[in-house]
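First comes the structure, then the notes that go with it.
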Amino acid sequence: QLQNKILILTICAAGIGGTFQYGYNISIINAPASYIQVFMNTTWLERMGVPLESNVILLLWSFTVSAYPLGGLTGAVVAGPMAIMLGRKMSLLLNNVFVIIAATLSGFSRMAKSFEMIMLSRFFTGVNAGVSMNIQPMYLAESAPKKLRGAVALTSASFTALGLVLGQVVGLRELLGGEESWPFLLASNVVPALIQLTALPWFPESPRYLLIDRGDKESCISALQKLRGTSDLSAELEEMLAEQAAVKGQRAKNPWELFQNPALRWQLVSIVVLSSAMQLCGNDSMYFYAAYVFQEAGIPQDKIPYVVIGTGSCELITSVTCNMIIDYAGRRPLLLGGYIFMAGWAIVFMVALSQQTQISWMPYLSMACIFAYILSFGIGPAGVTGVLPTEVFDQMSRPAAYMICGSLLWFNLFLVGTAFPFIVKSLAHFCYIPFLVVCVCTALYVWFFLPETKGKSFLEISEEFRKRNFKTKTRAGFYKGPEEIKTTTL
């Protein structure tokens, strides 16, 4: 069917230059770490005539690594105004400028004998990832039909995982991970950007944005026809017009206005809890541990990068699986299952780490735990968390909600990256206790407070949250959602 093809191609065009870049740029920096540190030292030696001390090299390296989440935080903050002023599609296209700047800086850094260019390049790469992590799920969820909304928005997580795996593959010594080719590895992120700049202009803007933000009904219908074909659009258009009527006279909200609005209390608490938990649950720290655990399990040092690709592939397989089942299973069971399983594996992992030297088969159990933990994360939290802000907020609050989500995501990524080495130092084998607490608390929150959003229109979801936010008040006078939609005339 041609229309399904157009939707699939729109997803691919948005994803390749969107969240794919986030995963890709997280993993390509790992392979050349030692070469870049040597480059920093030799550059300094040439400039000053004295070599750097090892702790200074480590400090410069951690600045280089933390420039990425810092850029991400900046990107998350500018993403909201960009989505409102330029539209979803235009923002994604313009976002590639940051990657092109970053690729130029890192590609010429060795030639220019400047490690500062690498730091700056990582910052711009982060800005790109921050923008795309916010705008891509918004663009796709607004463009998808209701029954496929979860699966379509969730492709953002699949593209992140795909980027992660491809980054690990391209970073192998045989490809671009060698001592001579690392500047090309860091600049290789320009390729997905060029693909997106070529492909995305051919696809329509988000129909919801065109109608509700721009008030342009003709363009909205034309975008819907491109995405849905000749099938009857009246029901979907009715629902959009009803949402337009519900937000009539309102302007796009700022993040601080969401905190002041009692009608958005539970929506806000939900996304704050889930966005924070996504980084504080320790999934990224599993990658940190992977090399050490694989070494203990007796895998030769030079084969470890190949096994690490297996961990990335795990996340890719589960996020694709999650894509297929989210609109059948629902959001709640996937989140709940993911966090409960992660809590269980965290306990087993800590026991296995503590017995690593005593029992011969324990390293293999630790290895299994790493794969199981990443699988549990991929099946629920990795994807569903990004879908929820689109579903629980209306058109006027959505960009601001994504700004809050994105800022929390990047701040917590920075926090975990900075704090984790100290947690390992102080808690040793029991370093996963803080992550275990986060997983258990998040699972409890989902169980008691998060309503299911599967297969519901945006207005029905708003109505459900409205009941929670105003439990003591009567429903009279509130917008009744679907009952009124029936009487909307076109």
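The values are calculated or read from the model by the stated rules, or taken from the named source; none is laboratory data. If you're wondering where the values come from, they're calculated on a predicted model, not measured in any experiment. When we count neighbours, we look across all protein chains shown, and the Cβ atoms used for this are built from the backbone with ideal geometry, even at glycine. The accessibility values were calculated without ligands, DNA or RNA, using every heavy atom of the protein model including side chains. Shrake-Rupley method; radii C 1.70, N 1.55, O 1.52, S 1.80 Å.
Details
- Rg/Rh (Cα only; Kirkwood hydrodynamic radius) as it applies to the chain: 0.99
- Per-q log10 I(q)/I(0), the stretch 172-229, q = 0.30 Å⁻¹ (Debye; single scatterer per alpha-carbon; no solvent): -1.04
- Packing, as the average of other Cβ atoms within 10 Å across residues, places the peptides 49-58, 416-425 in the order 416-425, 49-58, highest first.
- Available extension along the chain between residue 467 and residue 113 is 121.3 nm, counting 0.36 nm per residue and deducting the alpha carbon span.
- Peptides 320-327, 379-386, ordered by how many other C-beta atoms sit within 10 Å of their residues on average, highest first, read 379-386, 320-327.
- Relative contact order (percent, whole number), the stretch 1-203, Cα cutoff 8 Å, 6+ residue spacing: 40
- Of all aspartates and glutamates in the structure, those lying under 14 Å Cα to Cα from residue 471, and not within fewer than 8 positions of it along the same chain, are 463.
- Under 19 Å from residue 248, Cα to Cα: lysines that are on another chain or at least 8 residues apart: 217, 480, 486
- Accessible-area composition of the stretch 257-470, carbon plus sulfur, in percent [1.4 Å probe]: 73
- Directionally averaged shadow of the stretch 257-470, computed from the convex hull of its alpha-carbon atoms, nm²: 12.4
- For the stretch 165-299, the solvent-accessible area works out to 45 Å² per residue, with a probe of 1.4 Å and every protein chain left in place.
- Computed lengthening from residue 265 to residue 354, 0.36 nm per intervening residue step minus Cα-Cα distance: 27.8 nm
- Whichever aspartates and glutamates have a C-alpha closer than 14 Å to that of residue 253, once near sequence neighbours (fewer than 8 apart) are set aside: 213, 394
- Out-of-range pairs (alpha-carbon distance over 19 Å; input 5/454; 5/226; 5/147; 146/456; 147/456; 147/454): 5/454
- Model label points for residue 418 and residue 184, set 7 angstrom from Cα along the Cα-to-Cβ axis, are 3.7 nm apart.
- Ranked packing of 160-168, 329-337, most packed first, by mean Cβ within 10 Å: 160-168, 329-337
- Phi angles across the stretch 391-396 convert, under the Karplus curve 6.51 cos²θ - 1.76 cosθ + 1.60 with θ = phi - 60°, into 3J(HN,Hα) values of 7, 8, 10, 7, 4, 7 Hz, Gly and Pro given as x.
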